[in-house]
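Engineer: First, the structure itself, so that you have it in front of you.
The values are calculated or read from the model by the stated rules, or taken from the named source; none is laboratory data. Predicted, not measured: the structure shown is a model, and the values here were computed from it. Neighbour counts are summed over all protein chains in view; Cβ atoms, including those assigned to glycine, are modelled from backbone coordinates with ideal geometry. The protein model used for the area step is the full one, side chains on, heavy atoms only, and it has no ligands, DNA or RNA in it. Shrake-Rupley method; radii C 1.70, N 1.55, O 1.52, S 1.80 Å.
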Amino acid sequence: MNRSTRRHTLVLAALGMTFAVAATPIRASADDIDEDAIAARLCPAGAGFVDMDSAEDDDRAEVGVYTYEVDGAGQEPDRLCTFAIISTDDDATLDGSYTLNVGGVSTAGAVVGSSGPTSAVLSDRAVSTTAVLVASGRQTTTTVTPASKAAKKKATKARAKAVKKAKKAYAAAGRTTKAKKILKKKLAAATKKYLAAKAPRRVTTVRPYRLDVTLAVEPTAGLS
């Protein structure tokens, strides 16, 4: 799957933990959202890209885990800012939960929607060199198939036949008040069947997904 072609808004409701930076919902088109833009929102100023790794569960879900480095400029320890982007197809949604652990510092939250970031974890660059992301839940896909021309034509003929039959019965009954009520019911029933036959068919599929990523950051990588 191509993550860049299926990003929409995803709300990952973060359950804040120590040093975890909450994700701000990002609402933009697929072409406007990238990891650097997300890092600019979630990480301290001046964070520079270090490394990333990704995984996918068939065509159900995909995740990229990104680590950025924040240079302490000699005044404080360098830190890592790590987050993930979880996504699925445009015509699908995800639910479930995730956990992101970096050197013993963790954050967790709910996965809801089609695409977007988790919370970020800030950790000590010297000791936190491995990020572990685990996410699981369900992917829900709804497929809409329009009724065929043949089905629409058949529905039109069936409605015309039912209307003709109902009117004939109404005339044969002497067009009484009772007969008129029966006519209205038959016409309503014929219209209901007609609309149902012409309506698009919706098929909803629910499948489980699981994503696992372990990103090991080399000690010499980054800005330091």
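Engineer: Would you check if there is a residue in segment 61-68 being surrounded by fewer than 20 Cβ atoms within 10 Å (Cβ to Cβ), of a type outside the set (Lys, Arg) and in the same structural domain as Arg210 (by the TED database)?
Structural biologist: No, segment 61-68 contains no residue that is surrounded by fewer than 20 Cβ atoms within 10 Å (Cβ to Cβ), of a type outside the set (Lys, Arg) and in the same structural domain as Arg210 (by the TED database).
Engineer: Name the residues in segment 69-83 that are out of contact with any Lys or Arg (no Cβ under 8 Å at 6 or more places or on another chain) and open to solvent by 60 Å² or more (accessible area, probe 1.4 Å), would you?
Structural biologist: Within segment 69-83, Asp71, Ala73, Gly74, Gln75, Glu76 qualify.
Engineer: Please go through segment 93-115 and pick out each residue that is open to solvent by 10 Å² or more (accessible area, probe 1.4 Å), in a strand (DSSP E or B) and not aliphatic (A, V, I, L, M).
Structural biologist: Residues satisfying the conditions are Thr93, Asp95, Gly96, Ser97, Thr99, Asn101, Ser106, Gly113.
Engineer: Same structure again: Given the options Thr118, Thr130, name the one that is touching a Gly at 6+ places or on another chain (Cβ under 8 Å), among the β-branched types (Val, Ile, Thr), buried (at least 18 other Cβ atoms within 10 Å of the Cβ) and in contact (Cβ under 8 Å) with a residue 40 or more places away in the chain.
Structural biologist: One residue alone meets the criteria, Thr118.
Engineer: Given the conditions (1) open to solvent by less than 70 Å² (accessible area, probe 1.4 Å); (2) at pLDDT 90 or above, report the number of the one that Arg41 does not fulfil.
Structural biologist: Of (1) open to solvent by less than 70 Å² (accessible area, probe 1.4 Å); (2) at pLDDT 90 or above, only one is false for Arg41: (1).
Engineer: Test Asp90 against the criterion of being among the charged types (D, E, K, R) and either surrounded by 21 or more Cβ atoms within 10 Å (Cβ to Cβ) or not in a strand (DSSP E or B) (or both), and give yes or no.
Structural biologist: yes
Engineer: Is there a residue in segment 134-143 that is over 30 Å from Arg202 (Cα atoms), open to solvent by 60 Å² or more (accessible area, probe 1.4 Å), at pLDDT below 95 and part of a strand (DSSP E or B)?
Structural biologist: No; the residues of segment 134-143 include none that is over 30 Å from Arg202 (Cα atoms), open to solvent by 60 Å² or more (accessible area, probe 1.4 Å), at pLDDT below 95 and part of a strand (DSSP E or B).
Engineer: Just to be sure I understand the filter: pairs with C-beta atoms under 6 Å, separated by 6 or more residues or on different chains, first member in segment 42-53 and in contact (Cβ under 8 Å) with a residue 12 or more places away in the chain and small (Gly, Ala, Ser), second member open to solvent by less than 50 Å² (accessible area, probe 1.4 Å) and not in a strand (DSSP E or B). Which pairs pass?
Structural biologist: Listed by first residue and then by second, the contacts come to Ala47/Ala39.
Engineer: Shifting gears a bit: Every residue in segment 197-218 that is outside any strand (DSSP E or B) and open to solvent by 60 Å² or more (accessible area, probe 1.4 Å), please.
Structural biologist: Lys198, Pro200, Glu218
Engineer: Of the residues Lys178, Lys161, Lys186, only one is in contact with a helix residue (DSSP H, G or I) (Cβ under 6 Å, 6 or more places away or on another chain) and open to solvent by 60 Å² or more (accessible area, probe 1.4 Å); which?
Structural biologist: Exactly one of Lys178, Lys161, Lys186 is in contact with a helix residue (DSSP H, G or I) (Cβ under 6 Å, 6 or more places away or on another chain) and open to solvent by 60 Å² or more (accessible area, probe 1.4 Å), namely Lys186.
Engineer: Could you tell me whether segment 163-184 includes any residue that is among the polar types (S, T, N, Q) and assigned to a helix (DSSP H, G or I)?
Structural biologist: So far as segment 163-184 goes, yes, one or more of its residues are among the polar types (S, T, N, Q) and assigned to a helix (DSSP H, G or I).
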